[in-house]
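Heads up, the thing below is written out as C-alpha cells.
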Amino acid sequence: MVARFLPLLLQAGVLLLALTGCICRAQSKNFKCSIINEAGFCFIENVHLDVSTNGIGGDSIQFPRHPTLLIKSGAIPYFGKDIFALLGNTKQLHVYNQTSIRNLFIPVTNLTEINVQRNGLLEFDVEPVENRELKMLSIVHNGLVTVPRNIRFLVGLEKLYLYNNSLEYFDLEPLANASHSLKILSIYDNHIKTLDSRSALYFPKLQTLSLSKNKLAFVPYFEESFPAVTVVSLRKNPWNCGWLHTTMQYIEARKIQVVRKDAACRDRWISEICCTYTVLDFMFDRAAAQIRREQQLLRNVTHENRRLVETVHQLADDLHRLQSQLDQQQQPASEKSISDARTGDSV
C-alpha cells in the first residue's frame, strides 16, 4: 500500500522543494545602483521591504556599499534598526518621494545625514543612546504631529529640518544637549501654536531660524535664546504686535536678515511683518502711554528742581557778595571811630 502512494509522495516532495526554493529566492534581495549621478548619489529603485518591528527575519538583503544612497521608490512601512544595519559604511541616506514609510526608528549608526521627504511618515523615534555622528536630520513634507523626547540623544546635531509637517507644539528643551552644535532650525509651514523654551536655554551657534507659516503669537526669550542668529523667517504668523515691535527693534539693530516678508495684512504690520492687535496689545499700549506720561512728568519735575537749585545757589552767591560788600563798607567806619577815640584820649 505504501508502494502505491510512494510516487505521489515523491512528487509532492519535489513540488514542496520547488516552492521553498522560489520563496527563498523571493526573500533574497540584492539591491544595486540604477544610476550614480554627478553628485555621487547612488539611486536605488523599487525597494519593497515589509519589515516588522521584530526584525527582518530570514530574508537575505543587501544594499550597495556606497557613501551616499538615495532610495527613490518602493515601500518600507517600518524603517528600523535592522534596515539601518544593512547600510554598511553609508554616510548619507536620502529616502525620497515615492518611497512609503509609516514609522522611522533612528538608531546609532555611522550616518551623518538622514533626509526623509514626502513619504507619508507619521511618526519617528530615536534610540535612547548618545549619538554624536548624526549631523543633519531632515524629515520634511510628511505628517508628523509630534517630536519625540528621545531626539535629545542626537547630541551632535547641527541642522534640523522639520518643515511642512503637522506639528502644533514644539519644545526646545529636548534640543538642549545639541545647543552648542545646532546651527539651523527650520520648522516653518506647520501648525505650531506654542514654541516652548526657558530662560536659561540658549543656542549660541544657531544662525538660521525658520518660523514662517505657523500660528505663533510670540517666541519666549528670543533675544536671550538666539544671540548668534543672522537669518530669520517670520511671515504668516499671528504675531502679537507688542512682542513683534520689540523684537523687530532688536532684529534691525543687529542687522539680522528677515527673509520673505508679508505682502499684505488684515490688521497691522511692523517692518513688513503682519501682527494681530489684541486686547493685550491695547492694554500694553495704554500702560506704555501712562508710563511715558509719568516719565515726562518726572523729567519736568526734575528740570524744575534743577532750576530751583540753580536759583537757590544764585541767591546764596548774591547774598555772600552783598555780605562781603557790607563788611568792606563797615571796616573804614570802624577804623575812623577807633582813631577818633585815640585822639580824644590824648587831649
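The values are calculated or read from the model by the stated rules, or taken from the named source; none is laboratory data. Keep in mind it's a predicted model, so treat the numbers as computed, not measured. Using ideal geometry, Cβ is built from the backbone for each residue, glycine included, and neighbour counts are taken over all protein chains shown. Each accessible area value is taken on the protein alone, full model and side chains, heavy atoms only, with ligands, DNA and RNA left out. Shrake-Rupley method; radii C 1.70, N 1.55, O 1.52, S 1.80 Å.
For region 29-288, the relative contact order is 9 percent, taking Cα pairs closer than 8 Å that sit 6 or more residues apart in sequence and dividing their mean separation by the residue count. Accessible-area rank, largest first, for 184, 151: 184, 151, with all protein chains present and a 1.4 angstrom probe. The magnitude of the dipole of region 94-210, with charges of +1 and -1 set on the Cβ of Lys/Arg and Asp/Glu and taken from the Cα centre, is near 200 debye. Legend: distances between Cα atoms for 193/255; 193/261; 183/213; 215/255; 81/193; pairs beyond 31 Å are 81/193.
The slack between residue 330 and residue 169, meaning 0.36 nm per residue of separation minus the straight C-alpha distance, is 49.0 nm. Charge dipole of region 29-288 (Cα centre as origin; +1 on each Lys and Arg Cβ, -1 on each Asp and Glu Cβ, all else neutral): 440 debye, rounded to the nearest 20. Compute the signed sum of charges (Lys and Arg +1, Asp and Glu -1) over the other residues within less than 11 Å, Cβ to Cβ, of residue 206. My count for the surroundings of residue 206 gives +2. Once backbone amide H atoms are built at 1.01 Å from N, residue 269 has 275 as its partners under 5 Å, excluding neighbours fewer than 5 places away on the same chain.
Quick check: from the Cα gyration tensor, does region 56-146 come out rounded (a/c under 1.5), prolate or oblate? Rounded, since a/c falls under 1.5. I'd like the FRET efficiency for residue 268 and residue 215, computed as 1/(1 + (r/R0)^6) with the beta carbon distance as r and R0 of 25 Å, rounded to 0.05. Plugging the Cβ-Cβ distance into 1/(1 + (r/R0)^6) gives 0.90. With contacts taken as Cα pairs under 8 Å at a separation of at least 6 residues, region 82-135 carries a relative contact order of 38 percent. Looking at region 199-326 alone, DSSP beta bridges between its own residues are antiparallel in about 30 percent of cases.
Can you give the local net charge around residue 269? Use residues other than it whose beta-carbon is closer than 13 angstrom to its beta-carbon, Lys and Arg +1, Asp and Glu -1. Charge balance in the 13 Å sphere: +2. Shown is the FRET efficiency for residue 110 and residue 300, computed with R0 = 51 Å from the Cβ-Cβ distance and rounded to the nearest 0.05: 0.10. Residue 155 sits among other residues whose Cβ lies under 15 Å from its own Cβ, and their net charge, with Lys and Arg +1 and Asp and Glu -1, is +2. Packing here is the average count of other Cβ atoms within 10 Å per residue, and on that basis the peptides 302-314, 265-277, highest first, run 265-277, 302-314. Note on region 65-118: Rg/Rh from C-alpha atoms, Kirkwood Rh, equals 0.92. If only the Cβ of Lys and Arg carry +1 and only the Cβ of Asp and Glu carry -1, the dipole of region 237-314 around its Cα centre is close to 140 debye. When 99, 246 are compared by accessible area of protein heavy atoms, the largest-first order is 246, 99, using a 1.4 Å probe. Of the solvent-accessible surface of region 29-288, computed with a 1.4 Å probe over protein heavy atoms with every protein chain present, carbon and sulfur atoms account for 50 percent. The modelled label-to-label distance for the pair residue 288/residue 318, using points 7 Å beyond Cα in the direction of Cβ, is 4.6 nm.
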